[in-house]
Amino acid sequence: MAGKTINPVLKQVLELGPTLVFFAIYMWIKEDKFQIGGTEYSGFIVAALVLVPILLVSIAALWWLTGQLSRMQIFVGVMVIFFGGLTAWFNDESFFKMKTTIVYGTFTTILTVGLLQGRSYLQWVMAEALPMLPEGWMILTRRLAMMFAALAVSNEVIWRTQSTELWVKLETFGMPVALFLFLMLQITMLNRYLIEPPEEK
């Protein structure tokens, strides 16, 4: 079933908004401690908990406005809820930080399994948005699998060795921008594999 078209700006706000709200809340309360139910929580954990309902509302709004959700949106939403819950239950920031490693690691695994089968699962997801020859999809899939693996390893190194504030900044801006620039570069490099839409008569 085809989804409904919504304003692209509104779509970006709903997709990126929760992460930006998490960043803003964390920067606002990062030095504070909160007593909830007799347990003391850091500002980071409170910000992570606030992210969960905001993300659920955002996903629900996207589904209501478009009539559909991507598998990636559902997967990331489940990961945020699951690891947000573990973070609160154990009062341990590492669970939420680990989420990013698992998300990128899962993407790496899925793409790699497809490659071992001689298939591009990336093509299956993005073919309509980016018409390209099968050879191009296989090249892009291999490179993106390596990029996801690099991001997963980078996240592990960063959250284990650097400050929480630096991790939040890189999680919110650094990694998404790096992934976006990587994709733009790859599309430019694979331009010869792109399929031009037929000219209207």
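Each residue, Leu181 and Thr161, gets one label point 7 Å from its Cα in the Cβ direction; the gap between the two is 2.0 nm. In this label model, Ile29 and Ala127 are separated by 4.6 nm, measuring between points 7 Å along each Cα→Cβ vector.
Distance between the 7 Å Cα→Cβ label points at Met146 and Thr106: 2.5 nm. Full extension of the segment from Met189 to Ile36, taken as 0.36 nm per residue of separation minus the current Cα-Cα distance, would add 49.9 nm. Phi-derived couplings, Karplus 6.51 cos²θ - 1.76 cosθ + 1.60 at θ = phi - 60°, listed residue by residue for region 169-185: 5, 6, 5, 7, 10, x, 5, x, 5, 4, 5, 4, 5, 4, 5, 4, 5 Hz, with x used for Gly and Pro. Computed from backbone phi, the HN-Hα couplings of region 155-166 come to 4, 4, 5, 5, 6, 7, 10, 10, 6, 4, 4, 5 Hz, rounded to whole numbers (Karplus: 6.51 cos²θ - 1.76 cosθ + 1.60, θ = phi - 60°; Gly and Pro given as x). Report summary: the helix-based calculation at 222 nm, which adds -39500 (n - 2.57) for every DSSP H run with n ≥ 4 and divides by the residues of the chain, gives -24500 deg cm²/dmol.
Could you sort the peptides 112-123, 18-29, 92-103 by per-residue average Cβ neighbour count (10 Å cutoff), highest mean leading? Before the final figure, lay out the partial values.
On the way: 112-123: 15.4, 18-29: 17.2, 92-103: 19.1.
By packing density, highest mean first, the sequence is 92-103, 18-29, 112-123.
Here Lys30 is the anchor, and the lysines within straight C-alpha reach of less than 19 Å, apart from those fewer than 8 places off in the same chain, are Lys97, Lys169. The 3J(HN,Hα) values that the Karplus relation (6.51, -1.76, 1.60; θ = phi - 60°) gives for region 14-31 are, in residue order, 5, 7, 9, x, x, 5, 5, 5, 4, 4, 5, 5, 4, 4, 6, 10, 4, 8 Hz. Gly and Pro appear as x.
A short reminder: the numbers here are calculations on the coordinates, not readings from a lab. Values in this document were obtained by computation on a predicted structure and should not be read as measured data. We place every Cβ from the backbone using ideal geometry, glycine too, and count neighbours over all the protein chains shown.
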